[in-house]
Amino acid sequence: MTDLVLPPDTNNLGTMFGGRVMAYVDKIASIAGMRHARRTVVTASTDSFDFLQPIRVGEAIRLEAFVTWTHRTSMEVFVKIETENLMTGEVKLNGTSYLTFVALGDDGRPVPVPPVIPETEEEKWHHATAPLRYEMRQRRREERKMRSSPPLV
């Protein structure tokens, strides 16, 4: 997905709103998830998102997403965010993110998704390291549940 960064996309410093970037990330990750599952998907979580450098007005923002790994009804999607200076051709990495999506059936309930078969070296690396990220997400989710529940006395 590629788009031109225009003034309405930016803040008073002429750099792209972070929330706008995050919306692009969620959208392209959703598309990757739907293509993989051939089902409606919903965002279950987004891992930490680090903006490595600003995205400036006049640059092209480029996003690439692919499903890295699946569990039973969920899938992890990796998104890479780059910018391109259209006058010089210079490309910069601006950020990366992992998101988790759940596939839904016609009744709105989670349904199984097909496994990922990684092909490139990059895909194989993301696939091999995904179970560790999955476990970290599960621990984080349990910790948040514990924090949001009042202690039993």
- Message: I need the full set of residues from segment 86-99 which are in contact with a strand residue (DSSP E or B) (Cβ under 8 Å, 6 or more places away or on another chain) and over 13 Å from ALA65 (Cβ atoms), in order please.
- Response: LEU86, GLU90, VAL91, LYS92, LEU93, ASN94
- Single residue of LYS92, LYS124 found to be under 28 Å from GLY19 (Cβ atoms) and either among the hydroxyl-bearing types (Ser, Thr, Tyr) or surrounded by 12 or more Cβ atoms within 10 Å (Cβ to Cβ) (or both): LYS92
- Message: Scan segment 112-129 and tell me whether some residue there is without any contact (Cβ under 8 Å) to a residue 24 or more places away in the chain, in contact with a strand residue (DSSP E or B) (Cβ under 9 Å, 6 or more places away or on another chain) and polar (S, T, N, Q).
- Response: yes
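Taking segment 76-89 as the search range and keeping residues that are in contact with a helix residue (DSSP H, G or I) (Cβ under 8 Å, 6 or more places away or on another chain) and of a type in the set (A, V, I, L, M, F, W, C), which one is surrounded by the most Cβ atoms within 10 Å (Cβ to Cβ)? Even if it seems obvious, please write down each step before you answer.
Initial filter on segment 76-89 (in contact with a helix residue (DSSP H, G or I) (Cβ under 8 Å, 6 or more places away or on another chain)): 76-79, 81.
Those still in the list that are of a type in the set (A, V, I, L, M, F, W, C) too: 77-79, 81.
Values: VAL77: 27, PHE78: 23, VAL79: 23, ILE81: 24.
Restricting to residues being in contact with a helix residue (DSSP H, G or I) (Cβ under 8 Å, 6 or more places away or on another chain) and of a type in the set (A, V, I, L, M, F, W, C), the top hit is VAL77.
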- Given the structure, is ASP26 of a type in the set (D, E, K, R), under 16 Å from LEU63 (Cα atoms) and either outside any helix (DSSP H, G or I) or at pLDDT below 95 (or both)? no
- Message: Going residue by residue through segment 63-71, is there one that turns out to be within 22 Å of LEU6 (Cα to Cα) and assigned to a strand (DSSP E or B)?
- Response: yes
- Query: Which residue, of SER97, SER48, is within 19 Å of VAL25 (Cα to Cα), assigned to a loop (DSSP other than H, G, I, E, B) and either of a type in the set (Gly, Ala, Ser) or at pLDDT 95 or above (or both)?
  - Reply: SER48
- Apart from one, (1) at pLDDT 95 or above; (2) surrounded by 15 or more Cβ atoms within 10 Å (Cβ to Cβ) all hold for ARG38; the odd one out is (2)
- Going through segment 25-38 one residue at a time, which ones are within 14 Å of PHE49 (Cβ to Cβ) and either of a type in the set (Asp, Glu) or free of Cβ contacts under 8 Å to residues at least 40 places away in the same chain (or both)? ASP26
- For PRO114, state whether it is modelled with pLDDT under 95, surrounded by fewer than 17 Cβ atoms within 10 Å (Cβ to Cβ) and either assigned to a loop (DSSP other than H, G, I, E, B) or hydroxyl-bearing (Ser, Thr, Tyr) (or both). no
- Task: Considering each of THR68, THR40 in turn, give the residue that is touching a His at 6+ places or on another chain (Cβ under 6 Å) and hydroxyl-bearing (Ser, Thr, Tyr).
- Result: THR68
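Of everything in segment 27-40, what is in contact with a Leu (Cβ under 7 Å, 6 or more places away or on another chain) and under 22 Å from MET136 (Cβ atoms)? Give them in sequence order.
Keep residues of segment 27-40 that are in contact with a Leu (Cβ under 7 Å, 6 or more places away or on another chain), which gives 28-29, 39-40.
Correct list: ALA29 only.
Criterion first (farther than 17 Å from THR2 by Cβ and free of Cβ contacts under 8 Å to residues at least 24 places away in the same chain) does ARG109 satisfy it? Spell out how you get there, then give the answer.
Values: farther than 17 Å from THR2 by Cβ: yes; free of Cβ contacts under 8 Å to residues at least 24 places away in the same chain: yes.
It is true that ARG109 is farther than 17 Å from THR2 by Cβ and free of Cβ contacts under 8 Å to residues at least 24 places away in the same chain.
The values are calculated or read from the model by the stated rules, or taken from the named source; none is laboratory data. Since this is a predicted model, take the numbers as computed values, not measurements. All Cβ positions, even for glycine, are placed from backbone atoms using ideal geometry, and neighbour counts span all protein chains on display.
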